[in-house]
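The values are calculated or read from the model by the stated rules, or taken from the named source; none is laboratory data. Note that the coordinates shown come from a computational prediction; the quantities given were computed from them, not determined experimentally. Glycine also receives a Cβ, built like all others from the backbone with ideal geometry; neighbour counts cover every protein chain displayed. We work out accessible area using only protein heavy atoms, side chains counted, and drop any ligands, DNA or RNA first. Shrake-Rupley method; radii C 1.70, N 1.55, O 1.52, S 1.80 Å.
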Amino acid sequence: MSTKTPAAPAEAQELAKKAPRPSGSKKLLRKVEPYIWIAPSIILMAIFIVTPIVKVFQLSMSKVTRAGLVKGYNNFENFSKVLKSPAFALVLKNTIVWTIAVVVISTVLGFMLALVLNNKFRGRKVARAIVVFPWATTLVIQASAWNFIINKDYGTLNTLLMKIGLISAPVNWTPTPAAYFAWEIACGIFVTIPFVTFCVLSGLQSIDASYYEAATVDGAGYFQKLFSITLPLVKSSLTVATVLNIIYVFNSFPIIWTMTKGDPANHTDTLVTYLYKLAFYNGKQGEASAVSVIGFVILLACASVYMIYTLRKGDDDL
Amino acid sequence: MKKFLAALLALVMVLSLAACGGDKGGDTTPPPADSGNTDTQTPPADAGSGDKTAIKVIAAEYGQNTKQWWADFVTEFNGSHDDIDLTVEVVSWNDIYTVVNTRVANNDAPDILNIDVFADYVADDLLLPIQDCVSDETYAKFYDAFLEQSNIDGTIWAIPDLASARAMYYNKGILDAAGVEVPTTWDELKAACEKIKAYDSSIYPWGIDMTTDEGQAAFAYYIWNNGSDFTDASGNWTLNADANVEAIEYAIGLVKDGYTNSDPANETRYALQDLFGAGKLAMMIGPNSIPTYIADNYAKANTPAEEQIDYAFAAIPTNGSNASVSAGVMDRFMVFDNEDSEEKIEAIKEFFDFFYEDTRYSDWVLMEGFLPATSAGGEIVAKADESMAPWVDIVGSCKFYPTAKAEWADVKQGVIDVEQQALLGGSVKELLDTLQATIAG
């Protein structure tokens, strides 16, 4: 309601004066209102996300005793100790192999599964529900189950193969650390596939069927349609799923911890299990924080590359 | 501008997801079902009452009976001490170090702590000499050898609350069937393994645990029974001593020859105990609690008597004529220096007198099947349970890890790493040389 009507009669002006008008306080409220609404999230983020991360940065540059007392800053001593440790290079390599293998393979398989589940067939709903199971089960339980399956002495895989006569004596499925790591990666892929599948499936369902109809009329084959229609249109869902997966998988702890604890001699450790050991088995919280910061910086770099790449291409393409 | 916006968005994304990832890991980490539970045993009516002297205790949860035992203890103690308000927080082993460290960092250290390690707290000047906090009568009850384990620079910083000892368990049925005598030396052990393997190749003759959980125990069994040690007589680290190299090479040799469980770097003692109980493992070194563990498993699985194994224990085999050495593990009580008044110190003394009262103490030890650290407790326990009697003898003479030395935590992880590297083909001599150089500088 405006009060600046110059030709208004005196009565009307009087009324207008009495009517509520956006006073200074109301204007202020309007300005402040959005901030009030987002304040709870900002406060929660500050308490539960920013504070622990600032604390980790602080600890990574501090001398921390085994009893947990912080004895002042020691610059980058924790970082230099970590980087000099012979185990670190191995652990970093493992982390990269783990992240790339799990993310790439689960993305490919998840994408293929999504294509299958996007078709109309009897029992599609049940199939979709079954795909969620690995996702819905606790990772520790998943990893324990896998451990139980591949165990040489009482594992179900050996029992099954012996029952159907494929092998006569139990096979040691984990004779080397590399073999164990491969099983861990397999378990990681198994639990990651549902997430990719559902991200891609949501993208697939938003594609208008008329594109495919037009392509069919023009004589396009299955793969032409897949690469020229489906892939470009689900690219945004796939990209989001991949970036989230990189971060989740990189930071994943339960599978490796439950199956091998990073043993033997750090051969199956990733940065997260390594820093857990440093902090809670070796009592080196400063060095553990330094490893945590290194992981954070690596992830930040990956996420920045992705964000810059996608924002440069514009929102439409995202 | 876009780049800046992109970087900002990326930062926010990583911040939030990094926090999520961390949480996920932390929540699901500790394997046992009862982990993460802390339980404060305190009568609600008395809590925090002004005139009373409050004593806060943090105690480790040894098993499923620990909480109830402490709850009863607190009720009894507070009932008979009108001027003291005792609270006991029972914390699982998975969390106790984090809980204590957090409390210490926040200036809220407990008055009394029941845990295994103590040297780190001494290094930070957090403890009181234990003799100042225990009455002379109670202090006189402990085995001297046990008190010595908590000696740093001539001061005793902690008193033992209980102990456990290790011996070699063997499956009588398998040894008889394979025509093997119980081995007492390393040569006999190797010969026994060979015969058992020849008798039934699906049975593992010998169990070895070189995992992150307890690999240091394997290191101790072999070096101690080769007449060697972690340190020399004056307390200097001697990790790369020739006898240590020989001992670990012998152990690794058993694995390489195929006489042991297939994956010593990943199969914990509990996995070995399961294999032993199932009759798939002929011999292993383990604690005095194994009979309870196996019996519980049989009860849970309703294992029929004919499928249960017939087993016994004997001294750990040694190299040649060296004396057999049992490995002891000991936990402790220590008192934090919270600038306590004399009244409080007296209250703490009352607590210890009450705890170490002979019958109550033997009840504490028997509660989870451990061994006593006092001679009077030993006599009572030996009388109460015949199967415990030989263990009470063993525990009085066994060796302990050098936990009083500040470098122990590094040595412990270091020897486990050496074992695991050696399993992967590394040279024991070179690995121990490197470890010695890292630890001793």
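Quick grid of which residues meet (1) within 14 Å of another protein chain (Cβ to nearest Cβ); (2) in a strand (DSSP E or B); (3) buried (at least 18 other Cβ atoms within 10 Å of the Cβ):
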position	(1), (2), (3)
B:A347	no, no, yes
B:R360	no, no, no
B:A382	no, no, yes
B:M388	no, no, yes
B:V392	no, no, yes
B:T403	yes, no, yes
B:K429	no, no, no
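Kindly provide the set of residues from the stretch B:58-75 that are part of a helix (DSSP H, G or I), touching a residue at least 24 places away in the same chain (Cβ under 8 Å) and not small (G, A, S), ordered by number.
Passing the criteria: B:T66, B:K67, B:W69, B:W70, B:F73, B:V74, B:T75.
Among (1) crowded, with 23+ Cβ neighbours inside 10 Å; (2) at the interface with chain B (Cβ under 7 Å from one of its Cβ atoms), where does A:I255 come up short?
Here A:I255 meets the rest and fails (2).
Can you tell me which residue in the stretch A:125-154 is farthest from the other protein chains (Cβ to nearest Cβ), limited to those that are more than 27 Å from B:N266 (Cα to Cα) and open to solvent by less than 60 Å² (accessible area, probe 1.4 Å)?
A:A127
Could you pull out the residue among B:F351, B:F355, B:F370, B:F333 that is among the aromatic types (F, W, Y), open to solvent by 20 Å² or more (accessible area, probe 1.4 Å) and out of contact with any Phe, Trp or Tyr (no Cβ under 6 Å at 6 or more places or on another chain)?
Answer to the check: B:F370.
Residues to consider are B:D120, B:D136, B:D108, B:D125; find the one that is more than 14 Å from chain A (Cβ to nearest Cβ) and more than 30 Å from B:V182 (Cα to Cα).
B:D136
Being assigned to a loop (DSSP other than H, G, I, E, B), farther than 30 Å from B:D153 by Cα and not acidic (D, E) is true for just one of B:S202, B:S234. Which residue is that?
Only one candidate qualifies: B:S202.
Restricting to helices (runs of 4 or more DSSP H) lying wholly in the stretch A:215-267: which have 3 or more residues that are at pLDDT below 90 and in contact with a Gly (Cβ under 8 Å, 6 or more places away or on another chain)?
A:231-250
When the residues of the stretch A:216-241 are filtered to those that are within 14 Å of chain B (Cβ to nearest Cβ) and out of contact with any helix residue (DSSP H, G or I) (no Cβ under 6 Å at 6 or more places or on another chain), which remaining residue is farthest from A:M112 (Cα to Cα)?
Filtering first and then ranking leaves A:V240.
Can you pull out every residue in the stretch B:261-270 that is touching a residue at least 24 places away in the same chain (Cβ under 8 Å), of a type outside the set (K, R) and open to solvent by 10 Å² or more (accessible area, probe 1.4 Å)?
Matches in the stretch B:261-270: B:S262, B:N266, B:E267, B:T268.
The rows are residues; the columns are (1) farther than 29 Å from A:A169 by Cβ; (2) open to solvent by 50 Å² or more (accessible area, probe 1.4 Å).
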residue: B:S164; (1), (2): yes, no
residue: B:G173; (1), (2): no, no
residue: B:P183; (1), (2): no, no
residue: B:K190; (1), (2): no, yes
residue: B:K197; (1), (2): no, yes
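Could you list, in sequence order, the residues of the stretch B:290-319 that are part of a loop (DSSP other than H, G, I, E, B) and touching an Asp or Glu at 6+ places or on another chain (Cβ under 8 Å)?
Those that are part of a loop (DSSP other than H, G, I, E, B) and touching an Asp or Glu at 6+ places or on another chain (Cβ under 8 Å): B:P317, B:N319.
Could you give every pair whose Cβ atoms fall below 6 Å, whose first residue belongs to the stretch A:75-97 and is touching a residue at least 40 places away in the same chain (Cβ under 8 Å) and open to solvent by less than 70 Å² (accessible area, probe 1.4 Å), and whose second residue is assigned to a helix (DSSP H, G or I) and among the small types (G, A, S), counting only separations of at least 6 or pairs across chains?
Note: pairs meeting the criteria are A:N78/A:S60; A:N78/A:G286; A:N78/A:A290; A:F79/A:A290; A:V82/A:A290.
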